[in-house]
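The values are calculated or read from the model by the stated rules, or taken from the named source; none is laboratory data. As the structure is a prediction and not an experimental result, all values here were calculated from the model. Cβ placement follows ideal geometry from the backbone for every residue including glycine, while neighbour counts extend to all protein chains displayed. Calculation scope for accessible area: heavy atoms of the full protein, side chains included, ligands and nucleic acids excluded. Shrake-Rupley method; radii C 1.70, N 1.55, O 1.52, S 1.80 Å.
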Amino acid sequence: MGSRDRPVLSFKDKMMSSWPYTLTVAIIGFVSLWVRTLSSDSVFLPNGVVKFASNDPWYHMRTLNVLLENYPNRMFFNPMTNYPYGSYIHFGPLFDQMMALISLVLGLGNPSAALVNTVGAYFPAVLGALTVIPVYYIGKYLDGRKAGILAAILIAFAPGQFLARSVLGSTDHHVAESLFSTFFIMFFMLALISSKKKGLRFEDVFNKRFNVVKEPLLYSVMAGVMYSAYQLSWPGASLFEFIILAYAVLQYSLDNFHNESSDYLGFTGIVTFLVSAVLILPFVHSDMGFSLYYYSWFHVVTALGAMAGFAALSFIQREFKNKRIKAYYYPLAIFGICVLGLLAAKVVSPTLYTLIINAPNTVFGLQTGGPATIEEVSSMFYYKGSFTFERAFQNFTVFGFLVSTLGILILAAGLFRKSKPEKVLVLVWSIFMLLAIYGQIRFAYYYSINVSILSAYVGGLLLEAVKWNELDEKLKSTVKSSADIKSFFKFIKIEQIIAVLALVLILIYPAYGSAMLYAKNTGGEPNEPWMETCIWLYSNTPDPGMDYNAIYEAPKNGELFQYPNASYGVMSWWDYGHYIETIGHRMPNANPFQAGIGGRRGSINEENQPGASTFFTAQSEAEASSVLEAIDPAPDKAGSRYIVSDAKMATVIFEPMAAWTLDTEGYVQPYWIGNGYQNLPSTRYYNSMESRLHILDGNGLKQYRMVYETEAYQTQEVGYKKAYNFIFNGNIPEVDTGYIKTFEYVKGAKITGTASSNETVKIKATILTGQGRTFDYSQSTTSDSDGRYQFTVPYSTEGPIAGQTQFDTAPSGPYVLSYGGTTKEVRISEEAVLKGDEIKV
């Protein structure tokens, strides 16, 4: 009996046989959602504040609110970050649009801020729970329902990156990437299975045999829709297009070797990427050229190229059969065509050629320099220069990673036999995602899905060994006949119980334990000092003159965005840029898109570009100020007015800041401490602007004044101060001070006067912070041959003025000027500090 003539189960029979599994998957999904919402108390605070998981979720809530304010128009260019240039938003539109639509429906067209925050907080948890559906079906069609159920359980409790990206408050598009890419693989797999089962040929399409074409066409269209949804969640979705093409080359070669038609594969690929090309077209920004990171012609051309690739592979296979060319020449022919295609792309579109050539290294290669300090793009298997499996075991559990690796080996061994296309697909997909986590740990939230499916596949083989299928059939007949369920249990064998217990203890329980531990202890960000500082910025600094929720047009033809005169930037490390923008409503110079960092990208011989890394590592106040002046190309305007530093920037983050300049030598050196050498921060570190500001409170700086600090936390600051006193024989208090300190860059009042020639002149003030802490501010100079001297001081003694910074950190009294036996008190107005006025003494 041919495949097209096989009898099929009636709808009633299908429902009767599948409803227990459907119910089980639904229960698993609800349990998964429950796990992801265990942290509600740390996300929804009693005061009504919602704390999202990290900086990117805060930014997604910003883009969501702008979308709702201007619905259905979405922000593509954002001038409120990466000041004074702004940033194009590479986030896909789908994630925000789905949240916006849900908010509008639930809010009857006018959702409250509380409702929007609630939708935003729960949305990633719901998407994470929904992932059990495609994972179940992939497992099911890979090795039966038992593997599908086990895969669904494992992904429901998968720890590590996947859980972290899908818990309550983790409002980021990453979980949408996982969900839609998995749905894409699921529908692509179903299309392959359906079209191969029906023996589909291209002639069936031309001859309009709809009974053959209908089901594969539906699955292929859905695969294209899901690929588009994935692509509209993340512009880098072309990664999966690359994976599918790699799979296609292998599958075509295997089919050719086994003398089988691959029309089923060609039909699926052509329809899938045709749908994708059509659906992505309305979202293309033509002015972006061939950009991988923004929606551009690259996404359309690559989809059309994939279509052409499938068509070419099918045509070549038919020619091989017609001309009876030996099968092993087929891969060589494909390789030659790929080389010719790349050469053609290099001639026709060098930009596209460069993107294609560099893309694999971007994903699979190890990062160097500053990018290597970004946690999510560091390698899963390299930590601080050493190869290790520790982080893989933390993300997937020890047995989860090892058993899934065994699954890859088993599927690979199947290539030497006549392996089913769906198994080859899962194999190629898994290998490439394993390579992806080698390059970047962030892809662990993809590979968790592979680990769940592969582990379930191995678990399914174990259950097959103990004849689980017989028990499965008995359960179906019991349910179908409405027999007493008690009669079913007498058929269970001891080896089947042992196998199930082994799977629970080895795979399920470790994942469950890790997931519960993380879910119960995770919380929202930022921490209290950052929340406090950003709110202070919002309430106590001048309005920068921007409409926070407006949609601004991107500048044309390489021009710069025209900011109002009142605008200014806030300098901090890039980790905190989204907090400054979304909570403080101020414009950071650097942000988590790695914009505004400055430094070097290629080699130490490059010019150090202005930005956060070059500012905080600058070795003098003059050098740091020149960086601020260089950031803004506008004449006589600095790129930053405020500088925000936390204790981590002065300690654990300082090394990554230096790494972005590719100049990390000399910040630490060995010192003899009496009983041996110990590595301590060096003179180069203490000369850095970060140390001058945070460790030394800006003492002696001419144009930088502290305007606010939060309460002290226990950090490594004390150790750095002890090292300073030891190295320089200093006497700074060895205590923790404000966890976050905010400084203002001002012109500074110029104090001038005369003393005896070549005489040492000193000026001093006691600074009182809003935390009740005091510290000394002082400068010293030598008068010239005519006795003239000058100081530039940043603090005013008369308090803040309306419309300017409402600081609570200021001198507790007048400056004290002294030389020889003379002592004078000097008072400075705020206007003099801001305008750079001269004060004659």
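Across the range 559-608, the number of residues qualifying as over 25 Å from Lys648 (Cα atoms) and buried (at least 22 other Cβ atoms within 10 Å of the Cβ) comes to 1. Between Phe95, Phe76, the distinction of being out of contact with any strand residue (DSSP E or B) (no Cβ under 8 Å at 6 or more places or on another chain) and either under 27 Å from Leu279 (Cα atoms) or charged (D, E, K, R) (or both) belongs to Phe95 only. Does at least one position in the range 733-753 carry a residue that is over 24 Å from Pro811 (Cα atoms) and part of a loop (DSSP other than H, G, I, E, B)? Checked the range 733-753: no residue is over 24 Å from Pro811 (Cα atoms) and part of a loop (DSSP other than H, G, I, E, B). Among the residues of the range 74-89, those that are open to solvent by less than 50 Å² (accessible area, probe 1.4 Å) and either in a loop (DSSP other than H, G, I, E, B) or in contact with a Leu (Cβ under 7 Å, 6 or more places away or on another chain) (or both) comprise Met75, Phe76, Pro79, Met80, Thr81, Asn82, Tyr83, Pro84, Gly86, Ile89.
The residues listed here are Lys486, Lys490, Lys520; of these, the one that is modelled with pLDDT under 95, in contact with a Leu (Cβ under 6 Å, 6 or more places away or on another chain) and open to solvent by 90 Å² or more (accessible area, probe 1.4 Å) is Lys520. Among the residues of the range 306-343, just one is open to solvent by 80 Å² or more (accessible area, probe 1.4 Å) and in contact (Cβ under 8 Å) with a residue 40 or more places away in the chain, namely Tyr328. Checking Asn211, Asn259 one by one, the residue that is open to solvent by 40 Å² or more (accessible area, probe 1.4 Å), in a loop (DSSP other than H, G, I, E, B) and either among the small types (Gly, Ala, Ser) or out of contact with any helix residue (DSSP H, G or I) (no Cβ under 6 Å at 6 or more places or on another chain) (or both) is Asn259 and no other. Within the range 690-713, the set of residues being closer than 18 Å to Trp536 by Cα, assigned to a loop (DSSP other than H, G, I, E, B) and open to solvent by 10 Å² or more (accessible area, probe 1.4 Å) comprises just one member, Glu711. So, Ala129, is that one of a type in the set (A, V, I, L, M) and in contact with an Asp or Glu (Cβ under 7 Å, 6 or more places away or on another chain) or not? No, not satisfied. Look at (1) under 46 Å from the mean Cα position of the chain (by Cα); (2) buried (at least 17 other Cβ atoms within 10 Å of the Cβ); (3) part of a strand (DSSP E or B) and you find that Leu817 fails only one, number (1).
In summary, Gly730 fulfils each of the numbered conditions (1) open to solvent by less than 50 Å² (accessible area, probe 1.4 Å); (2) of a type outside the set (Val, Ile, Thr); (3) touching a helix residue (DSSP H, G or I) at 6+ places or on another chain (Cβ under 7 Å); (4) closer than 22 Å to Ser829 by Cα with the single exception of condition (4). The residues in the range 359-378 that are open to solvent by 80 Å² or more (accessible area, probe 1.4 Å) and either at pLDDT 85 or above or assigned to a helix (DSSP H, G or I) (or both) can be counted, and the count is 2.
Taking the residues in the range 214-235 that are part of a helix (DSSP H, G or I) and of a type in the set (Phe, Trp, Tyr) as candidates, determine which candidate is farthest from Ser261 (Cα to Cα). Per the stated criteria, the residue is Tyr230. Counting only residues that are open to solvent by 20 Å² or more (accessible area, probe 1.4 Å) and aromatic (Phe, Trp, Tyr), which one in the range 232-256 is nearest to Ser178 (Cα to Cα)? It comes out as Trp234.
Note on the range 90-109: residues that are open to solvent by 40 Å² or more (accessible area, probe 1.4 Å) and either in contact with a Lys or Arg (Cβ under 6 Å, 6 or more places away or on another chain) or at positive phi (or both) amount to 2.
Residue-by-condition table, conditions (1) open to solvent by 20 Å² or more (accessible area, probe 1.4 Å); (2) touching a Leu at 6+ places or on another chain (Cβ under 7 Å):
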{"residue": "Glu621", "(1), (2)": "yes, yes"}
{"residue": "Asp636", "(1), (2)": "yes, no"}
{"residue": "Ile643", "(1), (2)": "no, yes"}
{"residue": "Val652", "(1), (2)": "yes, no"}
{"residue": "Gly674", "(1), (2)": "yes, no"}
{"residue": "Gln678", "(1), (2)": "yes, no"}
{"residue": "Ser688", "(1), (2)": "no, no"}
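Remark: pairs (first residue in the range 344-360, farther than 18 Å from Val300 by Cβ; second residue assigned to a helix (DSSP H, G or I) and open to solvent by 30 Å² or more (accessible area, probe 1.4 Å); Cβ separation under 6 Å; 6+ apart in sequence or on different chains) = Lys346/Tyr353.
Could you please let me know if Tyr447 is part of a helix (DSSP H, G or I), under 18 Å from the mean Cα position of the chain (by Cα) and either among the hydrophobic types (A, V, I, L, M, F, W, C) or surrounded by fewer than 22 Cβ atoms within 10 Å (Cβ to Cβ) (or both)? Spelling it out, it is not the case that Tyr447 is part of a helix (DSSP H, G or I), under 18 Å from the mean Cα position of the chain (by Cα) and either among the hydrophobic types (A, V, I, L, M, F, W, C) or surrounded by fewer than 22 Cβ atoms within 10 Å (Cβ to Cβ) (or both).
Residues are listed down the side, and each one gets a yes or a no for (1) part of a loop (DSSP other than H, G, I, E, B); (2) of a type in the set (Gly, Ala, Ser):
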site	(1), (2)
Met380	yes, no
Ala392	no, yes
Asn395	no, no
Val403	no, no
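The residues in the range 167-181 that are among the small types (Gly, Ala, Ser) and either on the phi > 0 side of the Ramachandran plot or part of a loop (DSSP other than H, G, I, E, B) (or both) can be counted, and the count is 2. Check the range 48-63 and report whether any residue there is of a type outside the set (Ser, Thr, Tyr), within 18 Å of Ala554 (Cβ to Cβ) and surrounded by fewer than 19 Cβ atoms within 10 Å (Cβ to Cβ). No: zero hits.
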